[in-house]
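S.K.: First, the structure itself, so that you have it in front of you.
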Amino acid sequence: TITTVWAFLPLLLSSGIITISMVSGFIVLLQLRQTSSIMDSTRAAYAADAGLECGLYTQFKNSTFSCTSTPSFINCGSDVNGDYCGLPNSSLFRLVSVTSAGFPGLRSIGESGRAARAFEVGYTLAP
């Protein structure tokens, strides 16, 4: 019976090594997904910021300026969620006019991959 135990020892060791390898691979895969999500989230936040800046510039500085036509590196279009402007890093932003607490404002929604981030600003117009 001792020889039977010694015969199964290599089998037990190899199955243990395979199990540890599979768990390690799964942990690495989860870390890679998390890193990708963080990068998409950052791109979405910067896209939302770019959209907000573009909308505010159009609203207050130069009403003839258009986020959709002036810069050559921004490509704009429309999909099921509405109009959007795509940026060179594969992110995009959407601008929406809003009213918050009776004040006019803008909401910019940035999207990249599966992440979406939004900024909203309200303002009063000086007399």
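The values are calculated or read from the model by the stated rules, or taken from the named source; none is laboratory data. Just so it is clear, the structure is predicted and the values come from calculations on it, not from any experiment. Positions of Cβ are generated from backbone atoms using ideal geometry, with glycine treated the same way; all protein chains shown enter the neighbour counts. Note: areas computed on protein heavy atoms with side chains; ligands, DNA, RNA excluded. Shrake-Rupley method; radii C 1.70, N 1.55, O 1.52, S 1.80 Å.
S.K.: Restricting attention to the range 89-126, and to residues there that are among the small types (Gly, Ala, Ser) and over 21 Å from Tyr46 (Cα atoms), which single residue is farthest from the chain's Cα centre (by Cα)?
M.R.: This residue is Ala126.
S.K.: If you don't mind, there's one more thing I want to ask. Mind counting the residues in the range 96-127 that are in contact with a helix residue (DSSP H, G or I) (Cβ under 7 Å, 6 or more places away or on another chain), part of a strand (DSSP E or B) and open to solvent by 70 Å² or more (accessible area, probe 1.4 Å)? It would help to see each step written out before you state the result.
M.R.: Taking the range 96-127 first, the residues in contact with a helix residue (DSSP H, G or I) (Cβ under 7 Å, 6 or more places away or on another chain) are 106, 108-119, 121.
With the extra rule that they be part of a strand (DSSP E or B), the set shrinks to 106, 108-112, 115-119, 121.
Subset that is open to solvent by 70 Å² or more (accessible area, probe 1.4 Å): 117, 119.
So the count comes out to 2.
Each row is one residue, and each column tells you yes or no for (1) modelled with pLDDT under 85; (2) open to solvent by 100 Å² or more (accessible area, probe 1.4 Å); (3) in contact with a strand residue (DSSP E or B) (Cβ under 8 Å, 6 or more places away or on another chain); (4) not hydroxyl-bearing (Ser, Thr, Tyr).
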{"residue": "Leu13", "(1), (2), (3), (4)": "no, yes, no, yes"}
{"residue": "Thr19", "(1), (2), (3), (4)": "no, no, no, no"}
{"residue": "Ser24", "(1), (2), (3), (4)": "no, no, no, no"}
{"residue": "Val28", "(1), (2), (3), (4)": "no, no, no, yes"}
{"residue": "Arg33", "(1), (2), (3), (4)": "yes, yes, no, yes"}
{"residue": "Asp49", "(1), (2), (3), (4)": "no, no, yes, yes"}
{"residue": "Asn62", "(1), (2), (3), (4)": "yes, no, no, yes"}
